[in-house]
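Peer 1: Submitted below is the structure of interest, expressed as structure tokens.
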Amino acid sequence: MNGIMALFSALGLSTAAGLNAYIPLLVIGALDRYAPQLVNLSGPFELISNPWLMLAVGVLAVLDFVGDKIPAVDHAVHAVGLVLNPIAGAIVALAANSDAGAVNPVLIAICGLLVAGGVHTVRATVRPAATLTTGGVGNPILSLIEDAIALVLSGLAVLLPVLAFLLVLVLAWLVVWFLRRIGWGRRKAGGR
């Protein structure tokens, strides 16, 4: 994978990790193990496709999947994610770049950390608003949407990195549009 494609892949995977720390790890681990023509992890990142590690990540993914659908428990899951999701973002970004080596590993790790951390922070900020406005009923739906986006984005980041990059841009635009729509920018302008 050439440098720009590796960068797009890293961006897509780290964005997905901001939504769900486990899905991109499982996607690249499974593809490395069962479809090495699509993903060929090198160096220490080969560990991601270790069956025991994948099993452990899978168990954590199931616990996260269930916990994130339960109001109040989902907020605890998000609190843990403030640390876990950025770390997962850095790992998947580094793994995506491991074969190409086109981007400085320190730079790619920082980018993965910041992207996943930023996405998770927005996610954790929006969820309490969803809890308040829907009485918690909307949380499982929001969680399923986040999981679906993380899965699609992880797959695209590996198979069609340019499309993953475009999806990341669309998601960023939607977040900005939504925040403006709910009046987040008006608070600075005097609360009109």
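Laboratory data are not the source of any read-out in this text; all were calculated from the coordinates shown. Predicted model, so just to flag it, every value in this text is computed and none were measured. In this analysis, Cβ positions are derived from the backbone assuming ideal geometry, glycine residues included, and neighbour counts consider all displayed protein chains.
Peer 1: For the chain, take the longest principal axis of its alpha carbons; what is the angle in degrees between that and the long axis of helix 161-181, to the nearest 10 within 0 to 90?
Peer 2: 10
Peer 1: What distance in nm separates the two pseudo spin-label positions at PHE178 and LEU47, each 7 Å out from Cα along the beta-carbon direction?
Peer 2: Calculated label separation equals 3.4 nm.
Peer 1: Okay, next question. Can you give the charge dipole size of the chain about its Cα centre, rounded to the nearest 20 debye, using +1 on the beta carbon of Lys and Arg and -1 on the beta carbon of Asp and Glu?
Peer 2: Details: 10 positive and 8 negative charges, 207 e Å.
About 1000 debye.
Peer 1: Taking the Cα atoms only, what angle lies between the long axis of helix 3-19 and the longest principal axis of the chain, rounded to 10 degrees?
Peer 2: 50
Peer 1: Taking only DSSP H segments of four or more residues, each worth -39500 (n - 2.57), what value at 222 nm results for the chain once the sum is divided by all its residues, to the nearest 500 deg cm²/dmol? The partial results should precede the final answer.
Peer 2: On the way: 7 runs with 146 residues, N = 192.
Computed mean residue ellipticity for the chain: -26500 deg cm²/dmol.
Peer 1: Consider a paramagnetic label point 7 Å from the Cα of HIS75 along Cα→Cβ; state which residues of the range 134-151 have an amide N under 15 Å from it.
Peer 2: Counting backbone N atoms under 15 Å from the label point, the list is 134-140.
Peer 1: Next question. Once the convex hull of the alpha carbons of the range 102-158 is built, what does its volume come to per residue, in cubic angstrom? Present the calculation step by step, with values, prior to reporting the outcome.
Peer 2: Working: hull volume 3.7 nm³, N = 57.
Considering the Cα atoms of the range 102-158, their hull volume per residue is 64 Å³.
Peer 1: For the range 81-94, in order, what is each residue's ³J(HN,Hα) by Karplus, 6.51 cos²θ - 1.76 cosθ + 1.60 with θ = phi - 60°, in whole Hz (x at glycine and Pro)?
Peer 2: So the J values, rounded to whole Hz, are x, 4, 9, 5, 4, x, 5, 4, x, 5, 5, 5, 5, 5.
Peer 1: Return a whole-number percent for the relative contact order of the range 3-187, with Cα pairs under 8 Å and 6 or more residues apart as the contact set.
Peer 2: Working: 275 pairs, mean separation 68.6, N = 185.
Taking the mean separation of contacting Cα pairs over the length of the range 3-187, I get 37 percent.
Peer 1: Select from VAL57, PHE178, ALA6 the residue farthest towards the positive end of the dipole of the chain; place +1 on Cβ of Lys and Arg, -1 on Cβ of Asp and Glu, and compute about the Cα centre.
Peer 2: Selected residue: PHE178.
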